[in-house]
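S.K.: Just dropping this structure here.
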Amino acid sequence: MQERHSAKRLAIYNHKGGVGKTTLTVNIAFALASRGKRVLLVDTDPQCNLTSYLVSDEVVDDLLDHSDGQEGATVWSAVKPIAEAEGDIKQIKAIERPGDIFLLPGDIRLSEFESELTSFWSDCTLRKAKGFRGTTAISRLVNDAAEAVGADYVFYDSGPNIGPLNRVILLDCEYFIIPAACDLFSLRALKTLGASLFGWITDWSRIANLAPEDTYLLPGRPKLLGYIPQGFRTYGGRPSREHAYFMSRLEKDVQSEVVAVLRQIDKSLAPGSMADRKLGEVKDYGVLISGSQRDGAAVFDGQGGTDEQRSQARNAFGKIANKIMARIKEIEK
């Protein structure tokens, strides 16, 4: 049986769109890398936003044009043999970016793999080995890629939905972080987020017990590491009154809609106190964000915005990276 690589796997996940998942993921990765950590990014969003952020349009087009062939190098290329019942996963090489950042590129055709995941899940309930091979395909791909690049952390970037692809991604993670905009819709999404996670974890716990002996399994117990409010405006260095209102409600609703729900399964799935859970704040950095996307760089190293904005962004993401490392160390001590 394949061994799971020791890199910590995380997803910055909320099924609501427009909450800054990709921007947070890539900039936290850059901040961790600036602290000497090697980070593997896995783009499992069929929209390929993370891939488009980190490599040029020409490279993205070439990857997608050739992903179906022998030289294919996207996540779809790797899982295609599983999806088409032609064999096991194909190893692909992560793209290296400056600063110990590595990328397994996304692909629009991952939507085809997602369709197959529903069947694989059903096969697991029937104790069929092909079901477990399909359900764990991306996890096993990440084991090999993390080993090849010596990763300390793996971050998944996922699409804004509660589909079967995100189900296997979250069940493969040791931790997840909730990104949230400071608005009513983000608050309302927390209720369905908590309910979805409850169903995924409890279903997988039951299914895993059906697995044949020596089957590689997803860990299936993602812990809530914290949440990050983002995209709010400030006046005089503080969140605007409207955003501050939703920010205060966010803390309470994370507690009631996610923490309390996970603790119905096991208290260890939502460790710590309410005071521990806000990992940081990322305000609206305006043109700094679009400039960093254009440059394929960290928001604090891009060419847009002012030096003061870049300094504030470096400080904000640095604090988040430090807190992620400290929280994981505290939980696992």
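S.K.: Build a GNM of the chain with springs between Cα atoms under 10 Å: which of Val287, Val42, Val75 gets the top mean-square fluctuation?
M.R.: Val287
S.K.: Quote the relative contact order of the chain in percent (integer), defining contacts as alpha-carbon pairs under 8 Å separated by 6+ residues.
M.R.: Numbers: 614 pairs, mean separation 73.7, N = 333.
Result for the chain is 22 percent.
S.K.: Take every Cα pair under 8 Å in region 94-220 that's 6+ residues apart, average their separations, divide by the length, and report that relative contact order as a whole percent.
M.R.: Contact order relative to length: 30 percent.
S.K.: What spacing in nm lies between the two simple spin-label points modelled at Lys319 and Glu96, each 7 Å away from Cα in the Cβ direction?
M.R.: Result: 3.5 nm between the two label points.
S.K.: How much length, in nm to one decimal, is gained on full extension between Tyr245 and Asp144, taken as 0.36 nm per residue of separation minus their Cα-Cα distance?
M.R.: Between Tyr245 and Asp144, full extension yields 31.9 nm more.
S.K.: For Arg249, Arg167, what's the largest-to-smallest order of accessible area, 1.4 Å probe?
M.R.: If we order Arg249, Arg167 from most to least accessible, we get Arg249, Arg167.
S.K.: Taking GluC sites (Glu not before Pro) as candidate sites, keep only those in a DSSP loop with at most 15 other Cβ atoms within 10 Å, then name the longest stretch of the chain containing none of them.
M.R.: For GluC sites (Glu not before Pro) (loop position, at most 15 other Cβ atoms within 10 Å), the longest site-free span of the chain is 87-212.
S.K.: Determine the per residue accessible area of region 8-328 with all protein chains present and a 1.4 angstrom probe, expressed in square angstrom.
M.R.: Here the residues of region 8-328 average 41 Å² of exposed surface.
S.K.: In whole Hz, what ³J(HN,Hα) sequence does region 83-96 give by Karplus (6.51, -1.76, 1.60; θ = phi - 60°), x for Gly and Pro?
M.R.: Calculated HN-Hα couplings, in order: 4, 9, 6, 10, x, 8, 4, 9, 6, 10, 9, 5, 7, 8 Hz.
S.K.: Here is a follow-up. Starting from the Cα of Ala275, move 7 Å in the Cα-to-Cβ direction to define the label point; list residues of region 193-230 whose amide nitrogen is under 16 Å from there.
M.R.: none
S.K.: Also, quick follow-up: At a Cα cut-off below 19 Å, give the lysines reachable from Lys329, other chains included and same-chain residues fewer than 8 away excluded.
M.R.: Those lysines meeting the cut-off are Lys8, Lys37, Lys223, Lys267, Lys278, Lys319.
S.K.: Next question, about the same structure. How many percent of Cα pairs in the chain exceed 39 Å?
M.R.: Percent of Cα pairs beyond 39 Å in the chain: 10.
S.K.: If you don't mind, another one. Given 0.36 nm per residue, what is the gain on full extension from Glu3 to Glu112 after removing their alpha carbon distance, in nm? Please report the intermediate quantities before stating the final value.
M.R.: On the way: separation 109, 0.36 × 109 = 39.24 nm, distance 2.72 nm.
That works out to 36.5 nm of additional length.
S.K.: Can you pull the accessible area of Asp214 for me, 1.4 Å probe, Å² to the nearest 10?
M.R.: Taking all protein chains as shown, Asp214 has close to 120 Å².
S.K.: Relative contact order for region 229-333: what percent, with Cα pairs under 8 Å and sequence separation of 6 or more?
M.R.: 23
The values are calculated or read from the model by the stated rules, or taken from the named source; none is laboratory data. Everything quoted here is computed from the prediction, not taken from an experiment. Here Cβ is always computed from backbone atoms with ideal geometry, including for glycine, and neighbour counts include all displayed protein chains. Heavy atoms of the whole protein, side chains included, go into the accessibility calculation; ligands, DNA and RNA do not. Shrake-Rupley method; radii C 1.70, N 1.55, O 1.52, S 1.80 Å.
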